[in-house]
Amino acid sequence: MEQITLSYPATRNLHGQALAGVVGSGDMEALFVADQGERLEVDITTSVVNFEARWRALFDRLSTLNGLPSGKLTIHDFGATPGVARIRIEQVFEGASDA
């Protein structure tokens, strides 16, 4: 298991929290808890080692496309593809925006 911690400037604020995915399914789960700060803090626990550059690339792309909300994002990954990872992350951000 590898532990990755990332931090990005936030460009928007959401409210509430949201959970998406199930780690036991060979997928990943993401839990987002919004706050009114200025950063998105990301903690990733993954079964895939040496993938920090790919996680950074994913969050760099999300930041460029939609901006990132302030809060805490916790990810438990069990080998999800980058496409699935993006879907789960977008699902929790959307869920928190609807809260």
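The values are calculated or read from the model by the stated rules, or taken from the named source; none is laboratory data. Values in this document were obtained by computation on a predicted structure and should not be read as measured data. Every residue, glycine as well, gets a Cβ built from its backbone with ideal geometry; the counts of neighbours run over all protein chains shown. The area values use the complete protein model at the heavy-atom level, side chains included, leaving out ligands, DNA and RNA. Shrake-Rupley method; radii C 1.70, N 1.55, O 1.52, S 1.80 Å.
So with the 1.4 Å probe, I'd like the accessible area per residue for the chain, rounded to whole Å².
53
Where is the GNM fluctuation largest for the chain (alpha-carbon springs, 10 angstrom cutoff): Ala30, Ala53, Ala18?
Checking each option, the largest mean-square fluctuation is seen for Ala53.
Could you check how much of the accessible area of the range 2-98 is carbon and sulfur, as a whole percent, using a 1.4 Å probe?
On the way: 2640 of 5030 Å².
Its accessible area is 52 percent carbon and sulfur atoms.
If you take every DSSP beta bridge fully contained in the chain, what fraction is antiparallel? Give it as a percent rounded to 5.
Numbers: 20 of 28 bridges.
Percentage antiparallel, nearest 5: 70.
Tell me, what HN-Hα J-couplings in whole Hz come from the Karplus equation 6.51 cos²θ - 1.76 cosθ + 1.60 at θ = phi - 60° for each residue of the range 31-48, using x for Gly and Pro?
These are the phi-based 3J(HN,Hα) values: 10, 10, 10, 6, 9, 9, x, 10, 9, 9, 9, 10, 10, 10, 10, 9, 7, 9 Hz.
Net charge near Leu31: determine it from the other residues with C-beta under 13 Å of the C-beta of Leu31, scoring Lys and Arg +1 and Asp and Glu -1.
Neighbour charge sum, excluding Leu31 itself: -2.
Looking at Val92, Val23, Pro69, which one has the Cα that reaches farthest to the positive end of the dipole of the chain (charges on Cβ: Lys, Arg +1; Asp, Glu -1)?
Pro69
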